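First the structure, in the form of structure tokens, and then the observations on it.
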Amino acid sequence: MKQFDVKVSFYLKKSEADEKGCCPVMAKLTVGRYSETAFSLKMSVPKTMWNSGRATGKSVAARVINRRLDEIRAAALSVFQEQTALHDVVTAHDIKLFFWGWRHVRNR
């Protein structure tokens with residue numbers, strides 16, 4: 001697989017909005033056509049500040065959120081590159097486990 005087979009997107013889990021209108025931010029990792037997983041980023045964003053996978057506006061909060069999303073995307077691509085150097089097949093679940101702290105993804 002090539003690096004362009006990896007996609008990282010972000011969305012709000014609107015079904016779990018709190019009383020202030022903040023929703024958890026989720027990441028969706030897709031590797032190739034058939035490997036897909038989602039997980040929470042442990043951060044919340046107001047629904048009114050979110051549009052198309054990014055925080056909108058020029059506020060400090062929006063810039064901090066978007067910077068963190070960019071860091072997560074870059075880290076996922078980096079993990080994918082590192083793992084493809086070690087393994088023939090890397091799944092979205094492998095990348096998620098790496099994010100959760102399981103540094104030794106698997107033995108193949």
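Looking at the stretch 45-103, the trypsin sites (Lys or Arg not before Pro) that sit in a DSSP loop and have at most 14 other Cβ atoms within 10 Å of their own Cβ are Lys58, Arg103.
Taking every protein chain into account, the accessible area of the chain amounts to 65 square angstrom per residue (probe 1.4 Å). Of all lysines in the structure, the ones whose alpha carbon falls short of 17 Å from that of Lys42, not counting any fewer than 8 places away in one chain, are Lys13, Lys14, Lys20, Lys28, Lys96.
Neighbours of Arg33, meaning other residues whose beta-carbon lies under 11 angstrom from its beta-carbon, give a summed charge of -1 when Lys and Arg score +1 and Asp and Glu score -1. Residues in the stretch 21-37 near a label at Val89, defined as backbone nitrogen under 14 Å from the 7 Å Cα→Cβ point? Counting only backbone N, you get 31-36.
Express in nm, to one decimal, how much length is gained between Ser78 and Tyr34 on full extension, taking 0.36 nm for each residue of separation and deducting their alpha carbon distance.
13.8 nm
Taking the protein heavy atoms of the chain in the context of the full set of protein chains, the accessible area attributed to carbon and sulfur is 52 percent at 1.4 Å. For the chain, the fraction of alpha-carbon pairs lying more than 17 Å apart is 54 percent, rounded to a whole number.
The stretch 33-82 and the stretch 10-30 have their alpha-carbon centroids 11 Å apart. When the helices of the chain are scored as -39500 (n - 2.57) per DSSP H run of n ≥ 4 and the total is divided over every residue, the value at 222 nm lands at -11000 deg cm²/dmol.
Amide H contacts of Thr56: Trp50, Asn51, each under 5 Å away and 5 or more positions distant or on a separate chain (H built 1.01 Å from N in the peptide plane; Pro and chain starts excluded).
Working note: Karplus 6.51/-1.76/1.60 with θ = phi - 60° gives the stretch 77-93 the couplings 5, 5, 4, 4, 4, 4, 6, 5, 6, 9, 10, 6, 10, 10, 9, 4, 5 Hz, where Gly and Pro are set to x.
The values are calculated or read from the model by the stated rules, or taken from the named source; none is laboratory data. Everything numeric in this text was worked out from a predicted model, so none of it was measured. Positions of Cβ are generated from backbone atoms using ideal geometry, with glycine treated the same way; all protein chains shown enter the neighbour counts. These accessible areas exclude ligands, DNA and RNA; they are computed on the full protein's heavy atoms, side chains included. Shrake-Rupley method; radii C 1.70, N 1.55, O 1.52, S 1.80 Å.
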